[in-house]
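Only one structure is covered here, and it is reproduced in the block below.
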Amino acid sequence: MKRWWMVRAGDNNELVPVWEEQGIASIGWPQLEDPKQFQSKSEMIDMADEVYEESKPRSRSSWVNQVWRFSRDIKKGDKVITYYKETREYMVGTVRGEHYFDKSIGDSNYPNHIDVDWEEVTVERDLLSQAAKNSLGSVLTVFRVDEWGKEIERLVESPFLEPEDINEDEEEESEIIQDLVNKALVMVQDKVDKFDPWQMQELVGGLLQAMDYNVQVSPKGPDGGVDVLAYKDAFGFEKPIIKVQVKHRKSSAGAPEIQQLLGANPIDANCLFVSTGGFTSQAEVVAKHNSVRLVDLEELVDLVVKWYENMPTDKRAILPLKKMYVPE
């Protein structure tokens with residue numbers, strides 16, 4: 001099977017003219033010097049830890065993987081593509097020589113090269129299937145794209161073909177967006193799951209503040225069965241009043257803990273029980289019978305994401321999140 005690679009042409013496609021003119025593809029990380037000097041990837045990682053010590057370990061590891069891949073795995077006869085965002089087209093080429101390190105060729109900031117015969121015909125991004133577009137959109141500098149090779153090759157041979165099924169692409173796009181949303185929520189769940197009990201109380205308090213409640217979070221120490229009290233008015237006279245118990249642990253909350261919350265002051269308050277470990281079936285029965293609202297980790301994260309922008313700044317600082325836009 002023919003191997004296909006995506007190689008990004010610099011941070012802003014600035015290398016495309018040089019690549020076309022000199023028949024090359026190049027990547028950077030010049031501080032690592034010639035990758036062929038390293039006998040193993042671990043040796044290259046040691047070098048990266050030294051020359052990029054101010055960068056995050058995960059970033060250093062990713063850079064080493066890409067340099068290693070480019071210098072060791074791409075072979076003569078492999079196919080290479082790169083995206084030219086100004087024209088929204090993909091250049092396609094065939095590798096005619098394996099990796100070499102030379103700062104005098106092309107841009108000195110990108111001294112790792114392979115020789116490439118670039119096709120005159122380019123592939124319009126709009127003609128690719130939605131699945132191919134999303135896969136090729138990875139932010140990595142070097143990665144395999146074998147599964148889209150036949151589709152790209154077909155468009156090189158017949159560059160004016162129309163997309164086969166627009167409706168199918170729209171359905172696939174919807175599935176991909178939902179998958180992105182689900183993955184993002186799972187990542188937030190993992191982050192929240194690492195909180196200590198006091199951070200979890202503060203997060204729940206911040207969520208209620210986002211819902212326009214005045215909130216009193218219990219200080220560290222015995223809390224009498226109530227971790228958070230929420231009121232509609234500043235003095236706590238106006239109902240509804242909500243009393244909250246927060247259990248942050250792996251094990252499920254049981255019926256006795258629900259009963260403890262019900263018996264805690266104020267007796268006539270509405271009850272909210274947050275348990276990141278979920279609830280036993282008996283706890284769910286007692287909660288349903290007494291109108292206790294149960295919230296597990298998954299629902300807590302869904303609520304936090306929904307109300308996040310209304311949360312106070314100091315509470316958002318506990319769980320920093322970035323907004324991501326996707327097509328409707």
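The values are calculated or read from the model by the stated rules, or taken from the named source; none is laboratory data. Source: prediction; values computed, not measured. Heads up, the Cβs are rebuilt from the backbone with ideal geometry, glycines too, and the neighbour counts pull from every protein chain shown.
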Residues satisfying the stated conditions in the stretch 276-328, i.e. over 29 Å from the mean Cα position of the chain (by Cα), loosely packed, with under 14 Cβ neighbours inside 10 Å and not in a helix (DSSP H, G or I): Asn290, Ser291, Arg293
What about Ala9, is it in a loop (DSSP other than H, G, I, E, B) and either closer than 22 Å to Ile152 by Cβ or within 30 Å of the chain's Cα centre (by Cα) (or both)? yes
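What residue, of Thr82, Thr87, is surrounded by fewer than 20 Cβ atoms within 10 Å (Cβ to Cβ), outside any helix (DSSP H, G or I) and in contact (Cβ under 8 Å) with a residue 24 or more places away in the chain?
None of the others qualify; the one that does is Thr87.
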Any chance you could count how many residues in the stretch 120-130 are of a type outside the set (Ser, Thr, Tyr), buried (at least 16 other Cβ atoms within 10 Å of the Cβ) and outside any helix (DSSP H, G or I)? 2
Could you please find all residues in the stretch 91-149 being small (Gly, Ala, Ser) and within 14 Å of Gly23 (Cα to Cα)? Gly93, Gly97, Gly106
Consider Trp5 against the criteria (1) of a type in the set (A, V, I, L, M, F, W, C); (2) surrounded by 20 or more Cβ atoms within 10 Å (Cβ to Cβ); (3) farther than 15 Å from Phe143 by Cβ; (4) out of contact with any helix residue (DSSP H, G or I) (no Cβ under 8 Å at 6 or more places or on another chain): it satisfies all of them except one. Which criterion is unmet? (3)
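So that you can scan it fast, the table gives a plain yes or no per residue for (1) modelled with pLDDT of 95 or more; (2) more than 26 Å from Asn214 (Cβ to Cβ); (3) not hydrophobic (A, V, I, L, M, F, W, C):
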| position | (1), (2), (3) |
| --- | --- |
| Lys250 | no, yes, yes |
| Ile267 | no, no, no |
| Gly277 | no, yes, yes |
| Val286 | yes, yes, no |
| Leu294 | yes, no, no |
| Lys315 | no, no, yes |
| Tyr325 | no, yes, yes |
Would you call Lys191 out of contact with any helix residue (DSSP H, G or I) (no Cβ under 7 Å at 6 or more places or on another chain), in contact (Cβ under 8 Å) with a residue 60 or more places away in the chain and either under 18 Å from Leu272 (Cα atoms) or part of a helix (DSSP H, G or I) (or both)? yes
Can you find a residue that is within 39 Å of the chain's Cα centre (by Cα) and either more than 21 Å from Phe195 (Cβ to Cβ) or in contact (Cβ under 8 Å) with a residue 12 or more places away in the chain (or both) anywhere in the stretch 261-268? yes
Over the stretch 190-213, the set of residues touching an Asp or Glu at 6+ places or on another chain (Cβ under 7 Å) and surrounded by fewer than 16 Cβ atoms within 10 Å (Cβ to Cβ) is none
Conditions first: (1) in contact (Cβ under 8 Å) with a residue 40 or more places away in the chain; (2) surrounded by 14 or more Cβ atoms within 10 Å (Cβ to Cβ). Lys133 passes all but one, so which condition is the exception? (1)
